[in-house]
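Colleague: One structure follows; several queries about it will come next.
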Amino acid sequence: MLDSEDDMKAILHSSATDILVSRQKSRIDATALLERAPPRYAKLASLDKSPATETDKALDDAMTTMRQGVTGMVSGRVDMEQIAQSAASARRAVEAAPDLFMQVTRLKTKDKGTYLHSVSVAGLMAQMAVMLEFDEALVDEIGRAGILHDLGKLLIPNAILNKPGELNAAEKRVIRNHPEIGYRHMKKLGGVSDLILDVCRLHHETLDGSGYPLGLKAEQIGTAVRICTVCDVFDALTTVRPYKKAWSTTEALTWMYDKSNLFDRKLVLRLGSMFR
Ligand SMILES: [Fe+2]
């Protein structure tokens, strides 16, 4: 949300190559600010026209239901219905307009960061499952796994998760432990499927065994987990961050394709085929 001129200045000083602004939602005069944007911004698009508004709305819905579902899970209640609804909204948004979906999810504010990331990954994962011709029940389960894959992050104190400066070694260890934290929490709650537990615990494993927490090798890593890893990394690379260049869809896919020691090439290609 653009609340103040400072928010806008922060964006203008970042390495972002595109800015998409919803003028309806902004609390400041975004039009005037955009006119002052440096010339390196070749394209200034507006999100006010449909279908971007529809994508926006579907993502808002997905985040609202996700928040409710996840809040319940953090306090010990499992309501998979809400998680499923959230995944379904995300999937619809990708299905309707994959390119637009990626544009909208590129900008993630700090407070919405983990939520929007999970919603984005869930949408991409479910859509990949559709393209792999999995049956409807499995598509839904994979979507739910996407919503819940980073649950461990939401259990980490915000002071560490959103710390502005560099993290110290102990804090890094806490962050790196998020797959295990999420896994143990859901395992204790009960009523969560093995597929969802696996995706949560293993989504930072890589094919060559250099990942974490278990250092598993390719043959020990199932398809649902591999789908999550590919979508997770892709979403992270294409997200705009103050400290790094925002990668285009093509740059991210090319980089990942070349890292066949880490990621499943077939799945990277499948993901890429969504944007053609
Ligand atoms: Fe993660």
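The values are calculated or read from the model by the stated rules, or taken from the named source; none is laboratory data. Since we're looking at a predicted model, the values are computed, not measured. Cβ: placed from backbone, ideal geometry, glycine included. Neighbour counts: every protein chain shown. Just the protein is used for accessible areas: all its heavy atoms, side chains included, with ligands, DNA and RNA removed. Shrake-Rupley method; radii C 1.70, N 1.55, O 1.52, S 1.80 Å.
Colleague: Name the one entry in 180, 219, 171 that is at pLDDT 90 or above, away from the ligand (no atom under 16 Å from the Cβ) and in a helix (DSSP H, G or I).
Modeller: 219 is the lone residue from the list that is at pLDDT 90 or above, away from the ligand (no atom under 16 Å from the Cβ) and in a helix (DSSP H, G or I).
Colleague: Sticking with this one: Go over the candidates 116, 47 one by one and state the one that is modelled with pLDDT of 85 or more and in contact with a Lys or Arg (Cβ under 9 Å, 6 or more places away or on another chain).
Modeller: Among 116, 47, only 116 is modelled with pLDDT of 85 or more and in contact with a Lys or Arg (Cβ under 9 Å, 6 or more places away or on another chain).
Colleague: On the given criteria, is residue 103 part of a helix (DSSP H, G or I), touching a residue at least 40 places away in the same chain (Cβ under 8 Å), crowded, with 21+ Cβ neighbours inside 10 Å and more than 14 Å from the ligand (Cβ to nearest atom)?
Modeller: It is false that residue 103 is part of a helix (DSSP H, G or I), touching a residue at least 40 places away in the same chain (Cβ under 8 Å), crowded, with 21+ Cβ neighbours inside 10 Å and more than 14 Å from the ligand (Cβ to nearest atom).
Colleague: Considering (1) part of a helix (DSSP H, G or I); (2) within 14 Å of the ligand (Cβ to nearest atom); (3) under 23 Å from residue 70 (Cβ atoms), say which one residue 156 fails and leave the rest.
Modeller: (1)
Colleague: Going by what's in this entry, would residue 145 be described as away from the ligand (no atom under 16 Å from the Cβ) and either part of a helix (DSSP H, G or I) or over 16 Å from the mean Cα position of the chain (by Cα) (or both)?
Modeller: Considered against the rule, which asks whether it is away from the ligand (no atom under 16 Å from the Cβ) and either part of a helix (DSSP H, G or I) or over 16 Å from the mean Cα position of the chain (by Cα) (or both), residue 145 comes out as no.
Colleague: When you go through (1) buried (at least 23 other Cβ atoms within 10 Å of the Cβ); (2) part of a helix (DSSP H, G or I) one by one for residue 137, which number turns out not to apply?
Modeller: Looking at each condition in turn, residue 137 falls short on (1).
Colleague: Here is a follow-up. Within the bounds of segment 56-76, is there any residue that is surrounded by 15 or more Cβ atoms within 10 Å (Cβ to Cβ) and within 11 Å of the chain's Cα centre (by Cα)?
Modeller: Scanning segment 56-76, I find no residue that is surrounded by 15 or more Cβ atoms within 10 Å (Cβ to Cβ) and within 11 Å of the chain's Cα centre (by Cα), so the answer is no.
Residues checked against (1) under 18 Å from residue 151 (Cα atoms); (2) open to solvent by less than 50 Å² (accessible area, probe 1.4 Å); (3) not in a helix (DSSP H, G or I):
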position: 208; (1), (2), (3): no, no, yes
position: 215; (1), (2), (3): no, yes, yes
position: 237; (1), (2), (3): no, yes, no
position: 252; (1), (2), (3): no, yes, no
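Colleague: Would you check if residue 260 is in contact (Cβ under 8 Å) with a residue 60 or more places away in the chain, loosely packed, with under 14 Cβ neighbours inside 10 Å and more than 16 Å from the ligand (Cβ to nearest atom)?
Modeller: no
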